[in-house]
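Worksheet: the structure to be examined is printed underneath.
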Amino acid sequence: MNLGKLTLFVSLLGFGLIQLKAEEVNAFPGPVSFKSPGQNEITWNAFGPLLFNEPSAEKGRVIGFRPFFVQHVDGKGAHEETTLLYPIFYYRTYTDSYEWSLFKLINKTGHTENAPKDYLGFSSTFDLWPVYFSESTGDPATSSCALFPIYGKLNGHLGLECAQFVLFPLYFNLKSEGSETTYLPWPFLRYTRGVEHGFSFWPLYGSIEKPGVYTHTFALWPFIYVNHHTPDERSLKGTKDSSEIGLLPFYSADKKPGYVNINYVWPLFGYSDRTSPVRYHETRYLWPFLVQGRGDEAYVNRFGPVYTHSIIKGLDKTWILWPLYRKEKWVDGDRVQEKTRILFFLASIDEQSSASQLDKEHAFKTTLWPLMSTWNNGAGRVQTQVFSPFEGLFADNPQMRHTWTPLFSVIRFDKASPSESRLSLFWNALTFAENSYAKTTEFNIGPLLHVKLVNGLKKVAILSGLFSVTYDSLNHFTLKGLDFSESKFNVNAVN
């Protein structure tokens, strides 16, 4: 897919319309260029947040015309991603392959011209859900093609080892791990042969067996079932067999080496008891509301929906008045992670701290949906945005962050350190930047007014510099504009 012309168009807009300088150039709603606090690369946009060319947190740069076209190119050029009205369409290229998708219903993968010509591992696929599926490997014996529900043969495609159907569900044949299963029609009549063998007339009765490994039998599915497993299937040689029995909803039992799970009036009442590999005992009353569990790696107290507290493999989770309040806490190396949610995503706080350095500043991200979000890395970097309807829902999705989040950034505050910050209102229509380390302050109202103070030098520009006044610490004025290109005055002499 060739998007070169569109990419070139946006790139020319990003770097050709204005001269990129160290100081901010603001011609809102036309081009605006600036350096975000703590960054050495230029950010450029025009028509508010619509046209843009900016550095990416994932390395490289992102350019586009929101929300219609967004392209991300990494710093090494090995990966490129283009989205159109994300998540409707995306196109991704890698070192030697590519993929694209429309609504996740029409999908295509393949290899680029850079791929080795003799590499047999590459295949190309094209799927049109749920009608057409294909995969070409270069060998007809291992390729796949299916026109659902008329006819199809799939070899390793869609996670199927080998599958074939004709006028589905009238005929469906599946081969997997030395066994072959035929449905006439699916799922009612099933016949299995090979390493496994059995048959079923679903939902009345069915049985399948792998000799020496397991047998599964059901009647009046899903109410009656009996399953038996030998130790070899679970790599527990020398231990006892395991079994699963169900007469639902009255009784079910799952017994394995070191573990038993019994339910009465399934799933309301029951208990689980594990002795190996770790000890754990759980009792259930009116599941899922009343549950109590104790073990070597787990602790559960649930009085749902009022209160739940559990600690399972180091994950400490608390629910209060589900789904009103939820908090999770765990330790990952030296990092203590905490997540707090109110009404799932209405308000959220993600916090990270050091387990060994208790006096170290915490990093956190807070979202009050859809009004605002703020992020603090604990080292002086702070970002705040108003409004923020997507951060609480798609916090770890860079495509949403590049495509949709800036469209709602009516107010944005960015601070790289206590000495360097920038405030933007109405998509850079009004901006205020300050760098106390460099003794610089800058204020812009679009192209109407530009004020900059640098080490005692004051500059005021009107209408993108058509008129400008410079005033230094010695009370000297410099005027530019209209009939005079440059005029100097000494204020003390005039007075």
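Of the residues 136, 97, 123, which single one is of a type in the set (Gly, Ala, Ser), within 36 Å of the chain's Cα centre (by Cα) and surrounded by 17 or more Cβ atoms within 10 Å (Cβ to Cβ)? Of the residues listed, the single one that is of a type in the set (Gly, Ala, Ser), within 36 Å of the chain's Cα centre (by Cα) and surrounded by 17 or more Cβ atoms within 10 Å (Cβ to Cβ) is 123. Restricted to the stretch 435-445, and to residues there that are surrounded by fewer than 19 Cβ atoms within 10 Å (Cβ to Cβ) and either modelled with pLDDT of 85 or more or among the polar types (S, T, N, Q) (or both), the residue that is nearest to the chain's Cα centre (by Cα) is 435. Evaluated against (1) modelled with pLDDT under 95; (2) in contact with a strand residue (DSSP E or B) (Cβ under 7 Å, 6 or more places away or on another chain); (3) part of a strand (DSSP E or B), residue 331 falls short on exactly one condition, (2). Would you check if there is a residue in the stretch 77-91 being within 30 Å of residue 109 (Cβ to Cβ) and in contact with a Lys or Arg (Cβ under 6 Å, 6 or more places away or on another chain)? Yes, that holds for at least one residue. Inspect the stretch 379-398 for any residue being among the polar types (S, T, N, Q), in contact (Cβ under 8 Å) with a residue 40 or more places away in the chain and crowded, with 16+ Cβ neighbours inside 10 Å and give the result as yes or no. Within the stretch 379-398, none of the residues are among the polar types (S, T, N, Q), in contact (Cβ under 8 Å) with a residue 40 or more places away in the chain and crowded, with 16+ Cβ neighbours inside 10 Å.
The values are calculated or read from the model by the stated rules, or taken from the named source; none is laboratory data. In this text, all values refer to a predicted model and were calculated from it rather than measured experimentally. Counting neighbours? That spans all protein chains shown, and the Cβs are built from the backbone with ideal geometry, glycine included.
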